[in-house]
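All remarks here apply to the structure that follows.
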Amino acid sequence: MTEAASNPFSAMEMWDDTMVTVNEGEEKKRVDAKTYRIRYLVGESEDKRYVDSGGNEVAELSEKTLFLAPSVHRLTGDPFHYDHARVESISGKTRISERTKELSRHPACEDHQIIEVIFESPGVECCAMSKEQADKMRVPLQYVAGYMLGKSEGMMKLALSKTVVNDGTEYYDNIHIIPESAIKQMSCLE
């Protein structure tokens, strides 16, 4: 693996309570579960609103919003980009503090569950450019973080989200299968 530009966006794990349908023999049953997602923090805002308090004063309401993207990419010589259409938001100071966790990068890792991978990705859609500029472009680097599912036959499997049922069973979504030869750098997140 070669040295790639480090990702300036911090990774976060976020989760929501949900219900899923599972098969138990011949019967389908709805059970409680949690859905976890790894995303990059790409923006943050603090909104203030003023409302009538019912008295002679105006009350101030403040709400924080985080904007999160599933991956970022970079073309040689250009700044980092992310797909604006895939940005999610989470609002409310209580919801943010109770349902998100900021992850820290560690350069050397082996058997961690959550990792960040930097790899050459010809499948990344990019920004607007002229025909001449597009002709000069090379394969961009994509930065993605998720749950490591394993490596086999020269391929790494990484899921961007997982659902954990109350009995502990885990199901994974949004799985990326990445050739190990395309990986430039890998780090652990915890």
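The values are calculated or read from the model by the stated rules, or taken from the named source; none is laboratory data. All of these numbers come straight from a predicted model, not from anything done at the bench. Cβ placement follows ideal geometry from the backbone for every residue including glycine, while neighbour counts extend to all protein chains displayed.
Tabulated data
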item: Matching option when the condition is charged (D, E, K, R) and at pLDDT 95 or above, among LYS131, LYS151, LYS157, LYS93; result: LYS157
item: Pick from region 62-90, criterion part of a strand (DSSP E or B) and of a type in the set (A, V, I, L, M), ranking: surrounded by the most Cβ atoms within 10 Å (Cβ to Cβ); result: LEU68
item: Residues that are among the aliphatic types (A, V, I, L, M), out of contact with any Leu (no Cβ under 8 Å at 6 or more places or on another chain), in contact (Cβ under 8 Å) with a residue 12 or more places away in the chain and within 18 Å of SER161 (Cβ to Cβ), drawn from region 42-101; result: ALA69, VAL72
item: Pick from region 65-103, criterion small (Gly, Ala, Ser) and out of contact with any strand residue (DSSP E or B) (no Cβ under 7 Å at 6 or more places or on another chain), ranking: farthest from VAL124 (Cα to Cα); result: SER97
item: Checking ILE38 against (1) more than 30 Å from GLY168 (Cα to Cα); (2) in a strand (DSSP E or B), the condition it does not meet; result: (1)
item: Residue count, region 138-162 (criterion: part of a strand (DSSP E or B), surrounded by fewer than 18 Cβ atoms within 10 Å (Cβ to Cβ) and either touching a residue at least 60 places away in the same chain (Cβ under 8 Å) or aromatic (Phe, Trp, Tyr) (or both)); result: 0
item: Top-ranked residue in region 94-131 [being assigned to a strand (DSSP E or B) and under 30 Å from GLU46 (Cβ atoms); ranked as farthest from the chain's Cα centre (by Cα)]; result: ARG105
